[in-house]
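> The structure under discussion is supplied below as structure tokens; questions concerning it will follow.
Just so it is clear, none of the values below were taken in a lab; they were calculated from the coordinates. Just so it is clear, the structure is predicted and the values come from calculations on it, not from any experiment. Reconstructed Cβ throughout: ideal geometry from the backbone, glycine too, with neighbour counts over all protein chains shown.
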Amino acid sequence: MDRIRLRGGRPLDGSIAIGGAKNAALPLMAASLLTPQTLTLGNVPHLADIATMAHLLQQHGVDVSMDGGNGTPEGRTIHLNAGTITSTVAPYDLVRKMRASVLVLGPLLARFGEAEVSLPGGCAIGTRPVDLHIMGLKALGAEIAVEGGYIKATAKKGLKGAVIRFPMVSVGATENLLMAAALAEGTTVLENAAREPEITDLCDCLIAMGAEIEGVGSEHITVHGKPSLQGARHQIVPDRIETGTYAAAVAICGGRVELTGTRIDLIESVVDKLREAGCSVDETPRGMTIARNGSRLRGVDFLTQPYPGFPTDMQAQAMVLMTVADGAAMITETIFENRFMHVPELARMGANIVVHGSSALVRGVPKLTGAPVMATDLRASVSLVLAGLAAEGETTVNRVYHLDRGYERLEEKLAACGAVIERLKD
Ligand code: UD1
């Protein structure tokens, strides 16, 4: 298994290209199941999770092709054609690799009247059930049984529009229901829907495919179902978490970096906090710049919330920032119940963190010290890379495959800005 080795203490200077959002690409790829015509997606990031979704779709019979090889600039455009579906079963060995596989449930059921999707099972950051997905699809008239570890769903006469009020905000459930409602008979209203930019991106693509959707970007979305949808071309929204992660890296290391191919309006809650902590952030024609020159980082509090609140996917990175800030910071996680697994590893690097339930009190220390570390999920792994950048001495981050699920060429992007970082191949 590859490892990342790095030495901290260098400011970052230069520019970093931000890719398309993984969390937008995954539902968009699943949306290809809604039409027999070709869906073409541009700005596709080269990530392990994208390959897993492509594999899952191929297994259903979807024809997946790229304009160039994976890793080439042309390879950012992907064509998906679900003209012939050979299986409506999403098997355990693929779903267990990536929870977002459950996003094929809504589209398969809506178009073919049946779908069997393995339950994703446990996950490092909490139990993460799929009850809201099931509740919503049942409200649209699906019959659903959970048997032998599989969600077995049928809707022999098709799905029918309904009013669905989510008791809590779920990104994945909103996406599954949007896709299902697009092919349901009549009107569906989603109340307390998620408002993440990736949801807006999915709505925009569904509209390009012929769907009729009102209230895009709001918590109250109305979908007027259509008997069929058509092919479309769609450009994937920039990755706001990749953007925020590199912004946090600059905040930690100091220096000045332009993040290109992204949009500041996607991460306003993150930008507000970075400014409060002592960084300057400015919009540019190509994206944004983030700088911290000379000034010390200040402790600020963070509370994760559904969009437009501070993203849970930035919580671990924010915590690293606070480990080396002046003063104390309270970091409260409200989305996932077990998302502080990075804390013991950060403590091994000299961080002063006390966890009480869903809150972590971080008291800033003058510096961290390098150590061999490892993490159990994507954002925790990247937070350890950031900690390594803040640390004196050498840090080795093990289990890099977590990083490869969500960050494309992370070590190259940071090295190009002056970080001392390399991948060790095993
Ligand atoms: C998505 C993102 C993930 C991000 C998360 C929250 C993708 C591929 N992943 O995950 O990176 O961290 O949003 O912004 O887009 N819940 C239930 N029942 C359900 C569904 C969810 O109780 O049926 C709970 C979850 O356990 C969690 C909360 O709702 O506590 C939010 O989860 P959700 O928004 O669904 O996250 P994902 O869509 O899985």
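> Would a scan of the stretch 122-140 turn up a residue that is of a type in the set (A, V, I, L, M, F, W, C), away from the ligand (no atom under 16 Å from the Cβ) and surrounded by fewer than 17 Cβ atoms within 10 Å (Cβ to Cβ)?
Let us first name the residues in the stretch 122-140 that are of a type in the set (A, V, I, L, M, F, W, C), namely 123-125, 130, 132, 134-135, 137, 139-140.
From what's left, away from the ligand (no atom under 16 Å from the Cβ): none.
No, because not a single residue in the stretch 122-140 is of a type in the set (A, V, I, L, M, F, W, C), away from the ligand (no atom under 16 Å from the Cβ) and surrounded by fewer than 17 Cβ atoms within 10 Å (Cβ to Cβ).
> Name the residue that is farthest from A316 (Cα to Cα), counting only residues in the stretch 363-396 that are of a type in the set (G, A, S) and within 16 Å of the ligand (Cβ to nearest atom).
Of the stretch 363-396, the ones of a type in the set (G, A, S) are 364, 370-371, 375, 380-381, 383, 387-388, 390-391, 393.
From the residues that got through so far, the ones that are within 16 Å of the ligand (Cβ to nearest atom) too are 375, 380-381, 383.
Working: A375: 11, A380: 6, S381: 9, S383: 6 Å.
This residue is A375.
> Another question, if that's okay. Name the pairs whose Cβ atoms lie under 9 Å apart, with the first residue in the stretch 159-177 and of a type in the set (D, E, K, R), the second near the ligand (Cβ under 9 Å from one of its atoms) and in a loop (DSSP other than H, G, I, E, B), and 6 or more positions between them or separate chains?
Final answer for the pair search is E175/A194.
> Then there is this: Among the residues of the stretch 258-273, which ones are over 25 Å from D49 (Cβ atoms) and in contact (Cβ under 8 Å) with a residue 40 or more places away in the chain?
Across the stretch 258-273, the qualifying residues are E258, E268, K273.
> Between a first residue in the stretch 329-345 that is within 14 Å of the ligand (Cβ to nearest atom) and a second residue that is among the basic types (K, R) and part of a loop (DSSP other than H, G, I, E, B), which pairs have beta carbons less than 8 Å apart while being 6 or more apart in sequence or on different chains?
E333/R339; F336/R128
> Filter the stretch 141-179 down to residues that are among the charged types (D, E, K, R) and surrounded by fewer than 19 Cβ atoms within 10 Å (Cβ to Cβ) and give me whichever is farthest from S218 (Cα to Cα).
First, pick out the residues of the stretch 141-179 that are among the charged types (D, E, K, R): 143, 147, 152, 156-157, 160, 165, 175.
Going one step further and asking which of them are surrounded by fewer than 19 Cβ atoms within 10 Å (Cβ to Cβ), we end up with 143, 147, 152, 156-157, 160, 165.
Numbers: E143: 29, E147: 35, K152: 31, K156: 32, K157: 30, K160: 22, R165: 14 Å.
Among those residues, the one meeting the criterion is E147.
> With the condition kept exactly as written, say whether any residue in the stretch 209-229 is more than 12 Å from the ligand (Cβ to nearest atom) and under 13 Å from P27 (Cα atoms).
So the first thing to find is which residues in the stretch 209-229 are more than 12 Å from the ligand (Cβ to nearest atom), and the list is 209-229.
This time we only want the ones that are under 13 Å from P27 (Cα atoms), so: none.
No, the stretch 209-229 contains no residue that is more than 12 Å from the ligand (Cβ to nearest atom) and under 13 Å from P27 (Cα atoms).
> Could you list, in sequence order, all residues of the stretch 37-83 that are touching a residue at least 60 places away in the same chain (Cβ under 8 Å), assigned to a loop (DSSP other than H, G, I, E, B) and at negative phi?
Listed by number, the residues that qualify are Q37, V44, P45, H46, L47.
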